[in-house]
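The values are calculated or read from the model by the stated rules, or taken from the named source; none is laboratory data. Just so we're clear, the structure is a prediction, and the values are computed from it rather than from any experiment. We place every Cβ from the backbone using ideal geometry, glycine too, and count neighbours over all the protein chains shown. What goes into the accessible areas is simple: the full protein's heavy atoms, side chains included, and nothing from ligands, DNA or RNA. Shrake-Rupley method; radii C 1.70, N 1.55, O 1.52, S 1.80 Å.
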Amino acid sequence: MAVASCDKFLRYKDKVLIVTGGSKGIGEGCVRVFVRNGAYVAFCARGAADGERLEKEMNEEAPGKAFFKSVDLTDEAAIQGFVEDVISRYGRIDCLINNAGQHPNPHLIDDITAEKFRQVLDVNLLSYFLMSKYCLPHLRKVKGNIINDSSLVGKIGQQAAIPYVASKGAIDAMTRAMAIDEAVHGVRVNVFSPGNVWTPMWDGLATDEGEGREDMIAGGTNAQLLGRMGTIEEAGLLCLWLAADATFCTGIDINLSGGAELDYGNKNRLTTKASAYH
Ligand SMILES: NC(=O)c1ccc[n+]([C@@H]2O[C@H](COP(=O)([O-])OP(=O)(O)OC[C@H]3O[C@@H](n4cnc5c(N)ncnc54)[C@H](O)[C@@H]3O)[C@@H](O)[C@H]2O)c1
């Protein structure tokens, strides 16, 4: 690997990072922050256009470098192939950010099939497991770390979102189990739990509400004590801290939530929105 000399103040200089779902949203925030801090960032996502655009922009920006590949994270062979590509290109992996996920539109249990549930677990949970499995032999060599992107709703629940909430709760539990097993290799495994961060996923869910879009965005904004949604850069900066500075932390779970979980909220909706989902 040809490693360029970078500014000594860059916080992940010359280290190699993988980000899943890095073409947009929170993953994009991670790509941007780590490239700006001197890292070699390999990221994958569905589709090609967004990822290729970001890769080009990042490589013009320097001081780090970006490498994008279109990967379907429900395909184990594709995950394995991507990790091999990263190793043949950079020779090492210092950090893995498991981030790619999907949030299905709201449904109650009556309308959720076993197949749909499995699809959500495949993307949100199994891809984290498989990417970790194939990266760990390389992470162990450098005492690297894994960062899992979960969700606040894995802890506090969410209306009409059983598979999504279940997948996120499982990520939290898997993080702790993996942290225990990998400590002997010096590999740290941590998780962060976003509340509402403005991303294409959020935009898409709000758009699907139709006329309720503005109300939904206002509700999402006011859920935080800080009175706004988080930004993708704030998510990237939290991950940079976990990767670069949190060297005595493993198995921890950090809320990236603007205080959304604090204080009583309105639990009795004026309109029983759940009934609208039938
Ligand atoms: N945005 C929020 O408010 C919020 C809140 C809590 C948790 N999260 C979590 O953060 C993560 C990112 O969310 P976001 O809002 O940035 O989403 P997003 O929809 O804006 O971006 C998702 C990314 O994942 C990729 N992806 C999805 N399915 C994939 C697949 N099968 N194969 C490869 N790539 C795939 C997409 O291509 C995209 O790059 C998710 O795990 C989500 O659950 C987000």
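Under unit Cβ charges (Lys, Arg +1; Asp, Glu -1), what dipole magnitude, rounded to 20 debye, does the chain have relative to its Cα centre? Before the final figure, lay out each step's value.
Working: 29 positive and 35 negative charges, 175 e Å.
The dipole magnitude comes to about 840 debye.
So, counting K/R as plus one and D/E as minus one, what does the shell of residues with Cβ under 15 Å around S151 add up to?
Net charge around S151: -2.
So, in the stretch 1-124, how many Lys pairs have Cα atoms under 27 Å apart, if the pair is 8 or more places apart or on different chains?
Step by step, the pairs that qualify in the stretch 1-124 add up to 17.
Keeping all protein chains in place and using 1.4 angstrom, which order do D14, D172 fall into by accessible surface area, from largest down?
Descending accessible area places them as D14, D172.
For helix 76-90, report the angle its Cα long axis makes with the longest principal axis of the Cα atoms of the chain; keep it between 0 and 90° and round to the nearest 10°.
Computed tilt is about 40 degrees.
Working out 0.36 nm times the residue gap between A77 and D172, then minus their Cα-Cα distance, what length gain in nm do you get to one decimal? Spell out each step's value before the answer.
Numbers: separation 95, 0.36 × 95 = 34.20 nm, distance 2.51 nm.
This chain segment gains 31.7 nm when fully extended.
Can you tell me the orientation of helix 127-142 relative to the chain, as the angle in degrees between its alpha-carbon axis and the longest Cα principal axis, to the nearest 10?
Approximately 30 degrees, to the nearest 10.
Dipole of the chain (Lys/Arg Cβ +1, Asp/Glu Cβ -1, origin at the Cα centre): which of N222, Y40, W202 lies farthest to the positive side?
Selected residue: Y40.
I want to verify a result. In a Gaussian network model of the chain, Cα cutoff 10 Å, which of these has the top mean-square fluctuation: G195, G91, G51?
Answer for the Gaussian network model of the chain: G91.
To the nearest 10 degrees, how steep is helix 49-61 against the longest Cα principal axis of the chain, on a 0 to 90 scale?
On a 0 to 90 degree scale, this one is about 50.
For C249, what accessible area in Å² do you get when you roll a 1.4 Å probe over the heavy atoms of the protein chains, rounding to the nearest 10?
So the heavy atoms of C249 present about 30 Å² to solvent.
Of the residues F43, F248, F129, which exhibits the maximal mean-square fluctuation in a Gaussian network model of the chain defined by a 10 Å Cα contact cut-off?
F248
Quickly estimate the mean residue ellipticity at 222 nm for the chain, helices only: each DSSP H run with n ≥ 4 gives -39500 (n - 2.57), and the total goes over all residues, rounded to 500. Write out the running numbers ahead of the final one.
Numbers: 11 runs with 124 residues, N = 278.
Theoretical 222 nm ellipticity from helices: -13500 deg cm²/dmol.
Nearest 0.05, what FRET efficiency do T247 and E57 give at R0 = 35 Å with Cβ-Cβ as r?
On the way: r = 31 Å, r/R0 = 0.88.
The calculated FRET efficiency here is 0.70.
For the chain, compute the orientation-averaged projected area of the C-alpha convex hull (one quarter of its surface), in nm².
Mean orientational projected area (the chain, Cα hull): 15.0 nm².
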